[in-house]
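The values are calculated or read from the model by the stated rules, or taken from the named source; none is laboratory data. The structure presented is a predicted model; accordingly, all values stated were derived computationally and were not measured. Glycine gets a Cβ as well: all are built from the backbone with ideal geometry, and neighbour counts include every protein chain shown.
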Amino acid sequence: MPELTLDAMLSQADASARAKLGHGLRPLQRETLAKLALGHHVFASLPTGYGKSLCCWAPAAAWGWRTWVICPLVSLIEDQAMACAELGVRAVALHGGLSAEERGAREAGLRDAEIVFISPERFLLWWESGRLSALQAEGAGPNLLALDEMHCFEEWREFRDAYRGVFGAIKRVLGSGCQLLGLSASLSEAHSRAWMEEFAGPHERVAADIGREKLILRVIPMEEEEERWLLLPILLREINPGDSILIYCATRAECDELSRWLGSLGHLACAYHAGIPAGVRAERSRAFRAGQLPFVCATAAFGMGIDFPRVSRVIHFSTPYDLESYWQEAGRAGRDGRLAYAISLWRRSDITRARRMNERQRGRYYDLWKAWLEGACRKRAVASALGLSMNDCGTCDRCASSRDDLPTWLNAASSLRRGDAWWTEPAANGVNWAREKIFSGQ
């Protein structure tokens, strides 16, 4: 049987997308799949909400490729597998949260699966036990290995052993002729290039501009701890029925405290973090997706890679750790294409978080403080961190001097700023102060 041409393969993928989603391939999806079809390893930096998951399941559904996807979170693994099943793509989800009986049942269907979603820990175990190499020897191993949320290799390797140990396993699987697909909306060009070179060597790249024109970024600086608690109820005003608000906190304790406090104000809110039992987390995630839980106070991993509909606001209750994480988390608002807001409450005292960081993390934290103190357009600062270029967005708090177009709730919150405060000092003074504080660990 003759090999299919590139045009024929893309036509098959487009037809599969139309049959399952009701629309054809988007331009960057088509470009990513074209490079895979030509036999390249590929890194794709696609905007949040653009449809990275299609680049994983389309080769399986349209071309018959056996695809394995390494995912960082159990909730993401289960959600992606469920979404594929709903589209008619045979999927298996493997992770450490399964009982022995559940794991056995799922592994029994592995050879019939078109796509496998697996945690890095389970992938490493499959390699070390020889089971993955046995599958490859039988011709049943993966043709395509996708690294979803690839920024986790950069950000989580310090505290999650599997993101260090899985290196060798990935390289050996790729050595058998398997192709690599790296996916992230927030991994910088320099870091993504380094990781792809480490894993696969020469590769092709697909990158978009930062996009998300309807996502409005606002940073609200403040002096005192109490100001956060004063501002937050204002930022939660005028919520449309069915809309959801995602509030990111720095610690588990902060999630718990904030959710209890919101409950005392009459809001239906809950905490979400790794210290909560998996079953409870899954139920809260389902309720949030269904619009039954309007407020979630969460640590950074919540919502990663999942398109929660109707998230109209993302609020950072504490300063994010770096510009890449900031964009990853902010981008969970407005994925349904409606106007949405990402608001960060920026405290001077957050600078002390650098005490718990290593040198690499401090450098990334400093880059965020420097960008915010220098007064750059919020989106342009993010684009620069990702190795992209763009003009000023015209809508963030640095670009838009007028408040006439702001909703009343955001105007009220922004009006509480004090005029004579640390963020109004000359930018050079603030940057020098931040550099000294962050790198000295004081």
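Summary table below
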read-out: Matching residues in region 200-259 - criterion: being assigned to a helix (DSSP H, G or I), touching a residue at least 60 places away in the same chain (Cβ under 8 Å) and surrounded by 14 or more Cβ atoms within 10 Å (Cβ to Cβ); value: GLU227, ARG228, LEU231, LEU232, ILE234, LEU235, GLU254
read-out: Positions within region 14-60 being aliphatic (A, V, I, L, M) and under 25 Å from ASP336 (Cα atoms), in sequence order; value: ALA15, ALA17, ALA19, LEU21, LEU25, LEU28, LEU33, ALA44, LEU46, LEU54, ALA58
read-out: Filter result for the condition that a residue is at pLDDT 85 or above, assigned to a helix (DSSP H, G or I) and surrounded by 17 or more Cβ atoms within 10 Å (Cβ to Cβ), over ARG284, ARG332; value: ARG284
read-out: Which numbered condition ASP307 fails, given (1) modelled with pLDDT under 85; (2) more than 23 Å from SER53 (Cα to Cα); value: (2)
read-out: Residue match in region 156-164 (condition: part of a helix (DSSP H, G or I), of a type in the set (Gly, Ala, Ser) and either under 18 Å from the mean Cα position of the chain (by Cα) or surrounded by fewer than 16 Cβ atoms within 10 Å (Cβ to Cβ) (or both)); value: no
read-out: Those residues of region 137-195 which are among the polar types (S, T, N, Q) and within 28 Å of GLU359 (Cβ to Cβ), in sequence order; value: SER184, SER186, SER188, SER192
read-out: Residues that are outside any loop (DSSP other than H, G, I, E, B) and charged (D, E, K, R), drawn from region 102-154; value: GLU102, ARG103, ARG106, GLU107, ARG111, ASP112, GLU121, ARG122, GLU128, ARG131, GLU154
read-out: Residue ID - surrounded by the fewest Cβ atoms within 10 Å (Cβ to Cβ), chosen from residues in region 262-274 that are of a type outside the set (Gly, Ala, Ser) and under 27 Å from the mean Cα position of the chain (by Cα); value: LEU268
read-out: Residue that is surrounded by the most Cβ atoms within 10 Å (Cβ to Cβ), among those in region 367-391 that are in a loop (DSSP other than H, G, I, E, B) and modelled with pLDDT under 85; value: LEU386
read-out: So ALA85, is it of a type in the set (A, V, I, L, M), part of a helix (DSSP H, G or I) and surrounded by fewer than 23 Cβ atoms within 10 Å (Cβ to Cβ); value: yes
